[in-house]
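This report refers to the structure that appears directly beneath it.
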Amino acid sequence: MSWLPGIFRRRILYNDLSEELRQHLDEKTEQLMRDEGLSRNDAELAARRAFGNVTLMEERSREVWQWPKLESIWADLKYAVRQLRKSPGFACTVIATLALGIGANTAVFSVMNAVLLRPLSFPQPDRLFQIEKIAGTGESYSASLPLFLDWRNHNRVFEHIAAYSVLPVGFNLAGQDHPERVLGLRVSADFFRVLGVAPELGRNFTYGEDRIGSPRIVILGDSLWRRRYNGDPGLIGRSISVDGELYTVVGILPPGFQFLATGSATTTSAIEVWTPLQLPLASRDPSSTLECIARLKSGVTRQRAGSEMTALSRQLARELPAVFPAKGSVNLLPFRERITGDTRPTLLLLLGAVSFILLIACANVANLLLARMGVRAREIAVRSALGAGRLRIVRQILTESLLLALLGGGLGLLLAWLCDRILVAVAPTAIVRAGEAHLDWRVMLFALAVSLATGLVFGLLPALRMPGLGAAAALHEGSFRSATSGRSHQRLSGALVIAETALSLMLLIAAGLLMESFVKLQQLNPGFDYNQLLTFEATLPLSRYGTPADLQHFLKQVQERIEAIPGVESAAGASSLPTEPILEFPFTDEGAPALQPGQASGYGDYVIVSPDYFRTMRIAILQGRAPAEADTADAPGVVVINEAMARKYWPNQDPIGKRIVIAKNLGPDWVDRPREIIGVAGNARADSLDEPAPPEMYTPFAQLSPHFVSVLLGAIPVRWAVRGKADPSTLTSEIGNAVLSVDSQEPIAEIRTMRELLSGSLLRWRFNMLLLGAFAVIALLLAAIGLYGVISYAVTQRTREIGIRMALGAGRVSVLGMVLRQASLLLAAGTLSGLAGVAMLSRVLKAFIYGVTPGNAGVLVSVAALMFATGVVAAWKPARRAASVDPMRALRAE
């Protein structure tokens with residue numbers, strides 16, 4: 001028999017044991033009948049008395065072949081399954097409630113896992129750092145060319161240090177049926193070595209290919225190679241037209257490679273073209289135009305590397321004071337944080353919101369289990385009378401709770417997968433890596449941990465509240481009824497409902513504050529008229545527009561061709577438009593006291609514009625005038641500042657007529673003519689609507705120096721604003737043709753209305769508001785369901801009392817009011833607790849709201865009214881049922 005599986009073999013042993021015990025009893029019975037002359041019935045009774053407890057003996061004998069702990073757990077599990085099968089409605093309700101809470105938490109965690117926890121797709125990503133220059137004020141800046149070269153050549157703590165341009169660059173590709181603008185990046189030769197990435201085809205950049213005068217070469221992204229060149233492997237070694245110049249393709253990057261997430265309200269393309277930086281090795285230009293990334297040597301700590309890089313930078317600053325601040329330092333930012341940016345607070349907010357939902361779900365399920373304890377009280381009492389200890393019964397209840405939690409977690413994983421697809425679809429592009437969210441082992445482990453913790457949380461409370469009843473009570477109806485439906489039970493259920501109400505109220509208030517903030521942002525005056533305004537951008541190659549005269553000629557021709565289109569009111573070009581990244585430059589006030597080398601009078605966002613910019617954008621000129629056609633390269637230098645700059649640097653003064661020099665302290669390459677302030681413009685919101693307008697300086701394209709032209713065209717495209725007499729989006733093809741008529745190799749890209757750009761700048765706000773609003777609605781519904789369950793159960797337990805009241809003359813209205821008063825007391829206590837919770841979390845909420853305070857009376861009153869209204873609706877049906885009780889039937893039932 002040893003070949004049989006253990007479970008079947010054990011069954012045979014059990015049967016053999018039972019048969020052997022029966023044989024012993026039969027032999028004893030026969031002996032007593034023969035020796036004592038007893039009848040068979042008396043002999044069987046005497047034999048059993050002499051033999052002892054047969055069942056107990058059989059149980060103890062079986063334990064020889066068992067693992068008692070495992071067998072006991074398996075028995076509890078089987079019993080739990082049978083109990084749930086007997087109450088399918090209860091089981092489905094609990095599983096669905098838990099699936100909602102666990103699924104929401106798992107979905108948000110999967111996004112957090114993709115964004116914050118999952119390693120970057122580079123070898124040893126924990127050794128990748130972004131190197132930042134920190135000023136004495138604590139602000140971080142990019143590196144200058146001399147600083148990067150010094151770091152690269154003299155550091156002893158990094159394997160490689162690479163540089164790349166501060167902003168992605170637009171490249172125009174020609175040679176096919178139509179020109180195409182793609183996003184690219186200029187990088188130093190060892191850039192891909194720092195990342196640990198090798199091309200799928202061809203080779204990497206080699207040392208020295210990033211110097212001025214080196215051959216023009218390019219590495220292409222896999223998607224561009226397949227889309228535009230049909231995945232032709234023969235492209236390696238051939239030349240393609242990039243910005244009107246021939247570049248040799250030396251490599252194709254692996255599929256799926258992505259360096260930075262560049263999607264924003266204004267840019268949605270991925271980086272697909274990589275060219276070497278053209279580094280002038282003898283330059284002493286101190287301007288911060290390069291981002292630096294480095295791979296730490298094995299065994300070197302982040303702290304040591306930061307200290308050595310700071311010391312190295314200060315040594316260089318003794319020779320070039322403008323390169324590095326005297327009290328500055330170097331910060332090594334983990335590259336993961338450089339990529340994720342400020343998405344952590346948003347994800348933590350969402351995780352906190354779904355945690356509230358999970359707690360509300362636990363409270364709901366705990367209330368259901370407490371109510372079910374009343375139904376199972378006789379069963380528990382009987383098991384206790386038959387010898388089951390309290391711990392044994394508690395373990396059984398916890399087993400059922402954990403089983404429900406695991407089933408809810410399994411269904412929650414499915415909901416999480418669906419929610420992830422929705423989150424990825426609606427997530428703003430600024431939440432980088434959100435598209436990588438999926439159910440990996442971390443998410444599975446999180447779901448399991450949450451399920452187990454949830455099962456313990458909602459199962460432990462009913463288990464500890466289990467009534468302790470003896471054998472007599474097991475047979476007495478009133479004993480276990482009073483033990484399970486007394487005041488303590490009602491107080492506990494009420495406390496859970498109060499907690500649910502408080503948590504859901506806090507979520508509703510947070511959602512209401514975000515909604516109010518979003519409305520205020522939408523109503524905010526951006527400082528210009530965004531209606532009937534179309535925007536696009538064009539990349540102007542240095543090979544064709546590298547001089548101020550060539551650039552100005554192209555801009556003027558394009559403006560004239562666009563304004564000649566029927567339906568166009570005006571057009572203007574600019575180095576940046578509101579809601580887009582802007583370059584910040586220092587300036588020196590000629591009327592201010594002398595400054596130390598490398599110092600500046602102040603800083604302002606620098607925007608270069610065509611003469612009709614303010615008229616097209618409808619930005620008010622508060623003082624003086626705007627740039628005009630007469631402000632040519634031969635005319636005196638002019639600049640318009642905005643109101644924020646005038647108030648910050650010339651308070652209580654008239655800035656008109658003041659003279660400043662932009663970028664004077666950046667070195668001889670940046671020498672700019674002195675410029676007279678000819679006007680003060682109204683403030684136009686820059687990067688986002690929720691930030692106040694920064695100081696801004698506007699100068700005409702016609703007065704750019706050659707160095708400014710080379711730097712600006714090498715870093716950013718020219719943006720255009722076209723104001724139509726009606727909807728300008730219908731003129732897209734005509735505008736594109738107008739640009740091509742000036743330069744057939746100049747495609748336009750990122751065509752959007754200004755309304756879309758403003759809306760895009762609020763994507764994060766809209767995302768937070770919608771998700772938190774959805775979570776708040778779910779919490780409100782769960783709280784309403786919990787209140788309904790408690791009131792309904794209370795009505796059932798008080799049926800006899802209600803019947804007596806009505807028999808003594810209480811009317812239906814009186815009974816209805818009694819039940820609704822009970823619900824109102826619970827709602828009032830929950831509301832007060834929720835308001836106290838909001839007060840405690842006010843500091844956290846302030847970071848996510850705009851234009852309102854956490855104590856906003858309108859939001860608080862509206863949410864409290866909604867909470868009360870929902871609670872009354874939830875309690876109305878059980879209240880009506882109580883009011884319709886038939887007194888005689890209620891008393892007879894008791």
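The values are calculated or read from the model by the stated rules, or taken from the named source; none is laboratory data. Predicted, not measured: the structure shown is a model, and the values here were computed from it. Counting neighbours? That spans all protein chains shown, and the Cβs are built from the backbone with ideal geometry, glycine included. Only protein heavy atoms, including side chains, enter the accessible area calculation; ligands, DNA and RNA are left aside. Shrake-Rupley method; radii C 1.70, N 1.55, O 1.52, S 1.80 Å.
In what order, largest first, do 85, 755 sit by accessible area if the probe radius is 1.4 Å? Present the calculation step by step, with values, prior to reporting the outcome.
Details: 85 190, 755 130 Å².
So, going from the largest accessible area down, we get 85, 755.
Taking the Cα centre of the chain as origin and charging only Cβ (+1 Lys, Arg; -1 Asp, Glu), how large is the dipole, in debye to the nearest 20?
Using Cβ point charges on Lys, Arg, Asp and Glu, the chain gives about 3920 debye.
Taking R0 as 60 Å, what FRET efficiency do you get between residue 814 and residue 344 from their Cβ-Cβ distance, rounded to the nearest 0.05?
E(calc), rounded to 0.05, equals 0.60.
Among 360, 124, 712, flag the residue with its Cα farthest along the positive direction of the charge dipole of the chain, charges on Cβ as +1 for Lys/Arg and -1 for Asp/Glu.
Value computed over the given set: 360.
Stretched out fully, how many nm does the piece from residue 258 to residue 40 gain, at 0.36 nm a residue minus the Cα gap?
69.5 nm
Quote the charge dipole size of segment 267-307 about the Cα centre in Debye, to the nearest 20; the model charges only the Cβ of Lys and Arg (+1) and of Asp and Glu (-1).
Numbers: 5 positive and 3 negative charges, 79 e Å.
So the dipole magnitude of segment 267-307 works out to roughly 380 debye.
Could you list which residues have their amide H under 5 Å from that of residue 272, counting only those 5 or more apart in sequence or on another chain, with H placed in the peptide plane?
For residue 272, the qualifying residues are 183, 184.
Which percent of Cα pairs goes in each bin when the distances of segment 109-215 are cut into 5 angstrom slices starting at zero?
Histogram of Cα-Cα distances, whole percents per bin: 2, 9, 13, 17, 20, 16, 11, 7, 3, 1, 0.
Assuming R0 = 25 Å, can you tell me the calculated FRET efficiency for the pair residue 212 and residue 141, based on Cβ-Cβ distance, to the nearest 0.05?
Working from the Cβ atoms, E equals 0.55.
Among 619, 168, 416, whose Cα sits farthest toward the positive end of the charge dipole of the chain (+1 at Cβ of Lys/Arg, -1 at Cβ of Asp/Glu, about the Cα centre)?
416
Hey, what number do you get for the chain at 222 nm if only DSSP H runs of n ≥ 4 count, each worth -39500 (n - 2.57), divided across all residues, to the nearest 500?
That calculation yields -17500 deg cm²/dmol at 222 nm.
If I take all pairs of Cα atoms in segment 533-679, what percentage of them are more than 22 Å from each other?
Of all Cα-Cα distances in segment 533-679, 47 percent exceed 22 Å.
Sort 417, 274, 765 by heavy-atom solvent-accessible area, probe 1.4 angstrom, most to least.
Order by accessible area, largest first: 417, 765, 274.
What length, rounded to one decimal in nm, is gained on full extension from residue 92 through to residue 414, with 0.36 nm per residue of separation minus their alpha-carbon distance? Provide the component values of the computation, followed by the final result.
Values: separation 322, 0.36 × 322 = 115.92 nm, distance 1.57 nm.
Length difference between fully extended and current span is 114.4 nm.
Name the lysines eligible as straight-distance cross-link partners of residue 556: C-alpha to C-alpha under 25 Å, and not fewer than 8 places from it in the same chain.
Counting by Cα, and skipping residues close in sequence, residue 556 has these lysines nearby: 725.
Keeping all protein chains in position, work out how much accessible area residue 799 exposes to a 1.4 Å probe, and write it in Å² to the nearest 10.
About 40 Å², ignoring ligands and nucleic acids.
Compare 28, 664 by solvent-accessible area with a 1.4 Å probe and give them largest first, with all protein chains kept in place. Present the calculation step by step, with values, prior to reporting the outcome.
Working: 28 70, 664 120 Å².
Ranked from most to least accessible, the order is 664, 28.
Please state the relative contact order of segment 75-175 as a whole percent: Cα pairs under 8 Å, 6+ residues apart?
9
Kindly identify segment 95-137 as rounded, prolate or oblate by the Cα gyration tensor criterion: order the square roots of the eigenvalues as a ≥ b ≥ c, call it rounded if a/c is under 1.5, otherwise compare a/b with b/c, prolate if a/b is larger, else oblate.
Working: a/c = 7.59, a/b = 2.31, b/c = 3.28.
Oblate, because a/c is 1.5 or more while a/b does not exceed b/c.
Ignoring ligands and nucleic acids, what accessible area does residue 324 show with a 1.4 Å probe (Å², nearest 10)?
Surface accessible to solvent at residue 324 totals approximately 0 Å².
Given segment 505-565, what whole percent of its Cα pairs are spread farther than 13 Å?
Of the Cα pairs, 77 percent sit more than 13 Å apart.
With contacts defined as alpha carbon pairs under 8 Å and 6 or more residues apart, what's the relative contact order of segment 306-360 in percent?
Numbers: 21 pairs, mean separation 14.9, N = 55.
Relative contact order for segment 306-360 comes out at 27 percent.
Toward the positive end of the charge dipole of the chain, about the Cα centre and with charges on Cβ (Lys, Arg +1; Asp, Glu -1), which of 221, 333, 775 goes farthest?
775
What shape does segment 646-736 take by its C-alpha gyration tensor, where a ≥ b ≥ c are the square roots of the eigenvalues and a/c under 1.5 counts as rounded, a/b above b/c as prolate, and the rest as oblate?
It is oblate, given that a/c is not under 1.5 and a/b is not larger than b/c.
Under a plain spin-label model, where a point goes 7 Å from the Cα along Cα-to-Cβ, how far apart in nm are residue 20 and residue 676?
Taking the simple label geometry, residue 20 and residue 676 are separated by 11.8 nm.
Considering the Cα positions of the chain, please state its Rg to one decimal place and its Dmax as a whole number of Å.
According to the Cα coordinates of the chain, Rg and Dmax are 38.2, 140 Å.
With a 1.4 Å probe and all protein chains left in place, how much of the accessible area of the chain comes from carbon and sulfur atoms, in whole percent?
58
What do the square roots of 5 times the Cα gyration tensor eigenvalues come to for segment 274-427, in whole Å, largest first, as semi-axes of the equivalent ellipsoid?
For segment 274-427, the semi-axes come out at 63, 20, 14 Å.
With an 8 Å cut-off on Cα pairs and a minimum separation of 6 or more residues, tell me the relative contact order of the chain in percent.
Contact order relative to length: 15 percent.
Scattering from the C-alpha atoms of segment 230-357 alone, worked out with Debye: what is log10 I(q)/I(0) at q = 0.21, 0.22 1/Å?
After summing over all Cα pairs, the log10 values are -1.30, -1.34.
What accessible area, in Å² to the nearest ten, does a 1.4 Å probe give for residue 102?
Here the residue's solvent-accessible area equals roughly 0 Å².
Is segment 157-294 rounded, prolate or oblate when judged by the Cα gyration tensor, a ≥ b ≥ c being the square roots of its eigenvalues, rounded requiring a/c under 1.5 and prolate requiring a/b larger than b/c?
Taking the square roots of the gyration eigenvalues as a ≥ b ≥ c, segment 157-294 is rounded.
Using the heavy atoms of the protein chains and a 1.4 angstrom probe, tell me the accessible area per residue for the chain in square angstrom.
On the way: 40520 Å² over 894 residues.
Result: 45 Å² per residue.
Which of the helices in the chain, when you take each full DSSP H run, stretch at least 15 Å along the axis at their Cα atoms and have an average Kyte-Doolittle score of 1.6 or higher?
Once both thresholds are applied, what remains is 343-375, 441-464.
Regarding segment 673-804, what whole-number volume in Å³ per residue does the convex hull of its Cα atoms give?
Cα-based convex hull of segment 673-804, divided per residue, equals 259 Å³.
So how far apart, in nm, are the two label points at residue 770 and residue 319 if each is 7 Å from Cα heading toward Cβ?
Between residue 770 and residue 319, the simple spin-label model gives 5.5 nm.
Restricting to DSSP loop positions (anything but H, G, I, E, B) with no more than 16 other Cβ atoms inside 10 Å of their own Cβ, which GluC sites (Glu not before Pro) remain in segment 162-254?
When the GluC sites (Glu not before Pro) of segment 162-254 are filtered for loop state and at most 16 Cβ neighbours within 10 Å, 200 remain.
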